[in-house]
Each structure stands twice: as C-alpha cells, then as structure tokens.
Amino acid sequence: MNAYVERVIAETKTKNAQEPEFLQTVEEVLTSIEPVITKHPEYEEAALLERIVEPERTIEFRVTWTDDAGKAHVNRGYRVQFNGAIGPYKGGIRFHPSVNLGILKFLGFEQIFKNSLTTLPIGGGKGGSDFDPHGKSNAEIMRFCQAFMTELQRHIGPSTDVPAGDIGVGGREIGYMFGQYRRIRDAYDNGVLTGKGLVYGGSLIRPEATGFGVLYYAQQVFAHEGDDIKGKTFALSGYGNVAWGAAKKIAELGGKAVTISGHNGYVYDPDGIVTEEKLNYLLEMRASRNANVKMYADKFGCEFFEGKKPYEVKADVYIPCATQNEVGMKEAQMIVDAGAKYYFEGANMPATNEAVKFLQEKGVIVGPAKAVNAGGVAVSALEMAQNAQHYAWTAEEVDAKLKNIMKSIHDNSAAAAAEYGLGYDLVKGANIAGFQKVADAMMAQGLF
Ligand code: NDP
Ligand code: 2IT
C-alpha cells in the first residue's frame, strides 16, 4: 500500500479508536483513492489526507425538552461541519437512539464525496441526536425539534450550513425546526434547511428524490449491461423515505419490490409493493406514532419474519434502504447464492467493507451509497438554488435535472475507474471522482 495512505489510516485509527463506523469509511475511501495519491506526491507535503479526515468543526450540545406529562429529558445534539471546500456544509440530521459522534463523523465523511459527485457546489456535514422518535406524540416531537434548533440555529445559515432529513427526520420535523429558526432569527432564510414543505419553499420531487435517484442510477448500470429493469424483482430493506421512493419508481419502471424491513424483521409481499394503496401505506406507517413494518403484513395479509433480514429472499436486485452495516458476510453470501447480479446501496454504508469486497469478487455489480443515494442531497441543492432565486421549478424540471445528475454520477465514476485501469469498478470510481474535486479545491485554497 502507498506509505502515505497507510500512515494516515494508522494515525486515524489511533486518534479515533472509539469510532468504528468512522474508521470503516476512512479505510474504505483512503485505500480506494490510493492510485490518485501515488500520482500526486504534493498532497503529502500539504498534509491533504490528514486534513481531509479531520472535521473542520464539530459541535456538541445539550437538548432539554419536556414530555407530555411535563417531565424533563436531556438528549445530546450534534453537528459535524466536515468539509466546506466546495460549498456550504450540507447533509442531513438523524434522530435515532444509536446516534453518537462517531456515527455522525462516518456520515459526514461520506457526505463530502457524495456531495462532490452530485456536480453541485455543496460541502459535507451531518448532524443529529440520540433522541428516539418512536412512540413519541406529535407535541413531543415538536418540542424536541424546537429545543434542538434553539441551539443549532446559531451554527447554520443558507450560505454556511444547510441541514436536511435523514433517519427519523422527515417533512414534519423539518417544518418544526424551520419554524423555530424563523422565530429566533426573525428572517425568512428559507435556504437554511431543505426537505421543507411545498408551501414554504420546499422543492417538488425532494421527498421522492433519494429513491428515484437510486433507480435512475440503476438504469445507467442496466444500460451498461444491456439489461432492463422490467420484470425484475427487488429485495429492499427499510420502509422509510428511501425505500418508499425506490419502491414507487421500481413499480413505475415495471419491476416489483417484494420486501421491506424494519428493526424488528421483514415483510415478504410476493405480489409486490406496486399499487398506489400499498405505496401510500408506507407513508402512513412511517408517520404513525408506533411505526413498525409489521403493520404492512397485518394490513395486506403478507408474512412477517420476526427478527430476520430480507436478504434470505431470492431477488434479481438488492437495495438496502435502512441503516449502516446491515449486510455482513452472511447476507452477502445470500445475495450471491440468489444469483443476483446487482446490489445498489440506498442507505449509507449498509455493508461492511469485507462484504462489499466479497460481492465484487463474486461478480455482483455494486453501486456504492455515495453515488447511488446522492439524488436526495442533489435535489436538496436544487431546493437551495430555487430558494436563492425566490422561485420554484416544476416537478418535470426537477425530475429531469435529477436524472441528468444521476447519469453524470454514474458516468463520472465509470470514467474515473477506467482512467486508473480499474475496469467498471463503480465503488473505487465514485471515491476517486468525488475525492479529486475536493482535493483540487483544498489545494487551491491553501492550508486550512
Ligand atoms: P426513515 O427514518 O424514513 O426510515 C428508516 C428506515 O430504516 C425504517 O424502515 C427503519 O425501521 C429502518 N431502520 C432504522 N434504523 C434501523 C436499525 N438500527 N435496524 C434496522 N432497521 C432500521 O429514514 P430514510 O429512509 O431517510 O433513511 C434510510 C437510509 O437512507 C439511511 O441510511 C439514511 O442515512 C440514508 N439516506 C437517506 C436520504 C434521505 O434523503 N432521506 C438520502 C440518502 C441516504 P424501524 O422504524 O423499524 O427502525
Ligand atoms: O445522506 C444523505 O445524503 C441525506 N440524508 C440527505 C442530505 C441532504 O442534505 O439532503
């Protein structure tokens, strides 16, 4: 391995020993950009890699809120402003009990290269809290969002840092956070958050963007392979925003999503999640106080497999849309055994590094998260552009731009891999293409 890459990985491991998810992505990205580092010895003199693995700023704060009985609770809030070389920090907010600084650093690090790949001017950031929205009333969610934004508002702005949604944060939460920002700052800075409701500056297609983008990217891969989505079965994990958008587009393109999942198991629907009623029910489930994937099985008379993951179902294409590291070696083996040729990452880092390598070795085409799910943040950047113009584009305009962006991401990744003699390796290609632009910007801007 390149000695500089090796040294920075080792130093990062020593410095961040308590952050396994962050170390996982650093190792994955740095090893795959090795040929670029070898080609550019000047990066070492400028400590480029040491800088790129260190967030420009991390903010950690207390969030105090009261439940419906009047009892006070304290959660931890965070914002990681990882890299602003190519634009304002941009990335979602996650509310989930597992959230800690290491998880947000992994997500923020991935976001740097994903955002660079979108071709739009956005830096990388991520935030969140260990607050658990499951089982909370609407009023409790509102009070939590207000308390969270009361502190966060002093660190963000339309040209400094622009949060959006992620796990546990959708349109409702963005609305409450935007309301609190406006109340405190007394300014209609609607470009400060994305994923807003349509009536106060949101963009058409933003709710669908991540899932639609996954399929637009997949279409490019299918075209490369001389294949077609029509008639294919898809195994999805998750039942939230990303899974919903993906299932909807799969149905539109003549495919069939046959599984969805949550923390407690998965549902198998052999007829496919293809009707409007079923697709809309996913939205209802996600919004309900006791959201749980079993609700789908109960409503539509399908089987629920408690405590199991959907990878045991045979499908042509696998698209994880839930959380990190749900695909280990066991699940990767199931995907290979099913004879599937395609695996696209809707979620962020859904597989271990070992599992991704194994899938590629076995000839499965892997579409990596930072390319495949970039449609969400790309339409967020289009929302920022519309807000800055005090204007709104039609759904057709936004959708056409999203399609073009996903094609560029695929083509630029494939071209970067080819340039370094890596064949059609979309994983390394995405890392190289995403990294190169950020590296050029950092080198041009001097030491920072
Ligand atoms: P949602 O909150 O809408 O849905 C999350 C889904 O993941 C639910 O089905 C949830 O099930 C499941 N899930 C969450 N945590 C776990 C866990 N620990 N184990 C098993 N299942 C879990 O989130 P999104 O759809 O927005 O996000 C899904 C993934 O996509 C995440 O990795 C996110 O980072 C990524 N992503 C999201 C984008 C967006 O625009 N929203 C853009 C790009 C990537 P349950 O409720 O049962 O826990
Ligand atoms: O992981 C992601 O790209 C997101 N959660 C979306 C971020 C955004 O700013 O729209």
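Structure above, values below:
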quantity: Extension gain, Asn353 back to Glu45 (0.36 nm per residue minus Cα-Cα distance, nm); calculated: 108.0 nm
quantity: Theoretical gain in end-to-end length, Glu419 to Tyr200 [0.36 nm per residue, Cα-Cα removed]; calculated: 74.4 nm
quantity: For the stretch 362-411, the Rg and Dmax computed from alpha carbons only, in angstrom; calculated: 13.4, 50
quantity: Volume per residue of the C-alpha convex hull in the stretch 264-319, rounded to whole Å³; calculated: 92
quantity: For the chain, calculated [θ]222 nm from helices alone, where every DSSP H run of n ≥ 4 adds -39500 (n - 2.57); calculated: -15500 deg cm²/dmol
quantity: For the stretch 188-195, 3J(HN,Hα) per residue [Karplus equation, 6.51 cos²θ - 1.76 cosθ + 1.60, θ = phi - 60°, Hz, x = Gly/Pro]; calculated: 8, 7, 6, x, 7, 9, 10, x
quantity: Linear extension gain, Thr275 paired with Phe300, 0.36 nm per residue minus alpha-carbon span; calculated: 7.9 nm
quantity: Principal axis dimensions, largest first and in whole angstrom, of the stretch 391-448 by Cα; calculated: 39, 34, 13
quantity: Relative packing of peptides 54-66, 305-317, 379-391 - highest average C-beta neighbours within 10 Å first; calculated: 379-391, 305-317, 54-66
quantity: Cα pair distances in the stretch 1-68, grouped into 10 Å bins until the bin that holds the longest one, percent each; calculated: 17, 45, 20, 9, 6, 3
quantity: Net charge contributed by nearby residues that have their C-beta within less than 12 Å of Ile205 (K/R +1, D/E -1); calculated: 0
quantity: Distance between modelled label sites at His134 and Arg185, nm, 7 Å Cα→Cβ extension; calculated: 3.3
quantity: Using distinct alpha-carbon pairs, which all enter the 1/r mean, Kirkwood radius of the stretch 134-279 in Å; calculated: 17.2
quantity: Derived scalar couplings ³J(HN,Hα) [the stretch 52-60; Karplus, 6.51 cos²θ - 1.76 cosθ + 1.60; whole Hz; x for Gly, Pro]; calculated: 6, 8, 10, x, 4, 7, 10, 10, 10
quantity: Inter-label distance, nm, simple model (7 Å from Cα along the C-beta direction), Glu60/Glu151; calculated: 1.1
quantity: Rg/Rg_globular for the stretch 263-377, with Rg_globular taken as 2.2 N^0.38 Å and Rg from C-alpha atoms; calculated: 1.10
quantity: Normalised per residue, the volume of the convex hull around the Cα set of the stretch 42-190 (Å³); calculated: 107
quantity: Whole-Å semi-axes of the stretch 117-210's equivalent ellipsoid (Cα gyration tensor); calculated: 20, 16, 14
quantity: Order of Leu198, Leu426, Leu447 under a 10 Å beta carbon neighbour criterion, fewest first; calculated: Leu447, Leu198, Leu426
quantity: Computed FRET value (nearest 0.05) for Lys15 with Ala388, which takes r as the C-beta separation and R₀ as 35 Å; calculated: 0.40
quantity: Kirkwood Rh and Cα Rg combined as Rg/Rh, the stretch 54-94; calculated: 1.18
quantity: Summed residue charge, Cβ within 11 Å of Gln333's Cβ, Lys/Arg positive, Asp/Glu negative; calculated: -1
quantity: Convex hull volume per residue for the chain, taking Cα atoms only, in Å³; calculated: 137
quantity: Pairwise FRET efficiency - Arg172 versus Asp411, Cβ, R0 = 30 Å, nearest 0.05; calculated: 0.25
quantity: Calculated from backbone phi, Karplus (6.51, -1.76, 1.60) coupling profile of the stretch 394-407 in Hz, x at Gly/Pro; calculated: 6, 4, 5, 5, 5, 4, 5, 5, 4, 4, 4, 5, 5, 5
quantity: Per-selection metrics, the stretch 293-358 (Cα): Rg and Dmax in Å; calculated: 12.6, 39
quantity: Cα-Cα over 28 Å, subset of Lys15/Lys71; Lys230/Lys314; Lys126/Lys357; Lys90/Lys362; Lys249/Lys309; Lys15/Lys196; calculated: Lys15/Lys71; Lys90/Lys362; Lys15/Lys196
quantity: Distance in nm between pseudo-label sites at Ser288 and Lys230 (7 Å out along the Cβ direction from Cα); calculated: 3.6
quantity: Whole-Å semi-axes of the stretch 308-434's equivalent ellipsoid (Cα gyration tensor); calculated: 30, 18, 12
quantity: Total lysine pairs whose alpha carbons fall under 19 Å of each other in the stretch 366-448 (8 or more apart, or interchain); calculated: 8
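Where a number appears in this text, it was derived from the coordinates with a stated rule and is not lab data. None of the values given here were measured: they were computed from a predicted structure. Neighbour counts run over all protein chains shown; Cβ positions are idealised from the backbone, glycine included.
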